[in-house]
Amino acid sequence: MSPESLNIPAHIAIIMDGNGRWAKLRGLPRTKGHKAGTEAARAIVTRCRELGVRHLTLYTFSKENWNRPKEEVGTLFDLLTSFLKNEQKRLIDQDIRLKVVGDLDGMPLAVRTALKHVISKTAKCSSMTLNLALNYGGRDEIVRACRALVAAGISPEEVTEERLAGELYTAGQPDPDLVIRTSGEIRISNYLLFQCAYSEFYFTDVYWPDFTPEELEKALADYTSRQRRFGKTGDQVEAPGD
Ligand code: IPE
Ligand code: IPE
Ligand code: MG
């Protein structure tokens, strides 16, 4: 399918999984897998921007990932810090705004500082929003949103789906149209639980470091062929490609 005939989602969310197994297969340490994963992420960001995706959310570090060995967690944050340093100019050149979806306060100071710097430098960029889901957990996000509503003193009747969505990290952004998970795992791993209510899911066996722009286009071709019904009958909604 040519890129012109693809239906481009407004928001793609990706669970970048399989770095460790990619490295193991090659007899390399897991850190090498994470390094290769960073490079894959860079290429996917660029391709999404070229294709006209307006929001891209990358699952970069989950709340549960704190349970990994300390050294691996350290490597992941080091890689993130150098990614931010190296990417800043490219993000600005590509007019990409960086945002964090997750609990920034729980992040190591060096990472937080690097993030805040790039977030402020790219704040006016408007071609695409790149959300890094960092120190992120979907249930935690919903609980925080509830707390914020309670703290604002609103009455039970005033609690609506929109108000709750407005307190999530993704407030103001559309829900993901397409969620991609690499590495053959078929689970959601506490990712964007509220926002994924009507997302299309695409699972591939490809490990994240091998998820090239061509693989992305395969996912988009699959997405293009689907009919999203939102509760209606197939006859009520337009056929794909119409
Ligand atoms: C994804 O790859 C990266 C993070 C979760 C940070 P993994 O590190 O989970 O790779 P596998 O699942 O062990 O292969
Ligand atoms: C999900 O991958 C988190 C990220 C990609 C950052 P994991 O590899 O941590 O997920 P589980 O624990 O296997 O479900
Ligand atoms: Mg994994």
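The values are calculated or read from the model by the stated rules, or taken from the named source; none is laboratory data. Quick caveat, the model's predicted, so the values are computed rather than measured. Cβ sites come from the backbone with ideal geometry, for glycine too, and all protein chains shown count toward neighbours. Surface accessibility is based on the protein's heavy atoms, side chains included, excluding ligands, DNA and RNA. Shrake-Rupley method; radii C 1.70, N 1.55, O 1.52, S 1.80 Å.
Annotations for the structure displayed:
- Meets criteria (more than 12 Å from ligand 2 (Cβ to nearest atom), open to solvent by 50 Å² or more (accessible area, probe 1.4 Å), in contact (Cβ under 8 Å) with a residue 24 or more places away in the chain and under 20 Å from L104 (Cβ atoms)) for K63: no
- Residue list for the range 204-219, restricted to those being farther than 23 Å from K24 by Cα and open to solvent by less than 20 Å² (accessible area, probe 1.4 Å): L216, A219
- Restricting N7, N67 to residues that are away from ligand 1 (no atom under 16 Å from the Cβ) and of a type outside the set (G, A, S) narrows the list to N7.
- Flag if G27 is surrounded by fewer than 20 Cβ atoms within 10 Å (Cβ to Cβ) and not in a helix (DSSP H, G or I): yes
- Check on R68, open to solvent by 40 Å² or more (accessible area, probe 1.4 Å) and within 13 Å of ligand 2 (Cβ to nearest atom): yes
- Residues of the range 1-24 that turn out to be within 16 Å of ligand 2 (Cβ to nearest atom), in a helix (DSSP H, G or I) and in contact (Cβ under 8 Å) with a residue 12 or more places away in the chain, as a count: 5
- Any hit, the range 150-171, residues being part of a helix (DSSP H, G or I) and within 15 Å of ligand 2 (Cβ to nearest atom): no
- Selected residue (criterion: nearest to ligand 3 (Cβ to nearest atom)) from residues of the range 191-200 that are part of a loop (DSSP other than H, G, I, E, B) and open to solvent by 30 Å² or more (accessible area, probe 1.4 Å): L193
- Selection status of E185, open to solvent by 60 Å² or more (accessible area, probe 1.4 Å) and either more than 13 Å from the chain's Cα centre (by Cα) or under 27 Å from C48 (Cα atoms) (or both): no
- First in the range 143-156 and closer than 21 Å to G102 by Cβ, second anywhere and open to solvent by 60 Å² or more (accessible area, probe 1.4 Å) and assigned to a helix (DSSP H, G or I), Cβ under 9 Å, 6 or more apart: A145/R163; L149/E158; L149/R163
- Only one entry in K99, K124, K85, K116 is at negative phi, in contact with a Phe, Trp or Tyr (Cβ under 9 Å, 6 or more places away or on another chain) and open to solvent by 50 Å² or more (accessible area, probe 1.4 Å), namely K99.
- Count of the range 35-72 residues which are within 15 Å of the chain's Cα centre (by Cα), among the aliphatic types (A, V, I, L, M) and assigned to a helix (DSSP H, G or I): 5
- Residues satisfying the stated conditions in the range 140-183, i.e. among the β-branched types (V, I, T) and either touching a strand residue (DSSP E or B) at 6+ places or on another chain (Cβ under 6 Å) or under 23 Å from E64 (Cβ atoms) (or both): I142, V143, T170, V179, I180, T182
- Boolean, R47 is open to solvent by 60 Å² or more (accessible area, probe 1.4 Å) and among the basic types (K, R): no
- Near pairs, Cβ below 8 angstrom, 6+ apart or cross-chain, from the range 185-210 (over 14 Å from A133 (Cα atoms)) to any residue that is open to solvent by less than 30 Å² (accessible area, probe 1.4 Å) and aromatic (F, W, Y): E200/Y223; Y202/Y223; T204/F211
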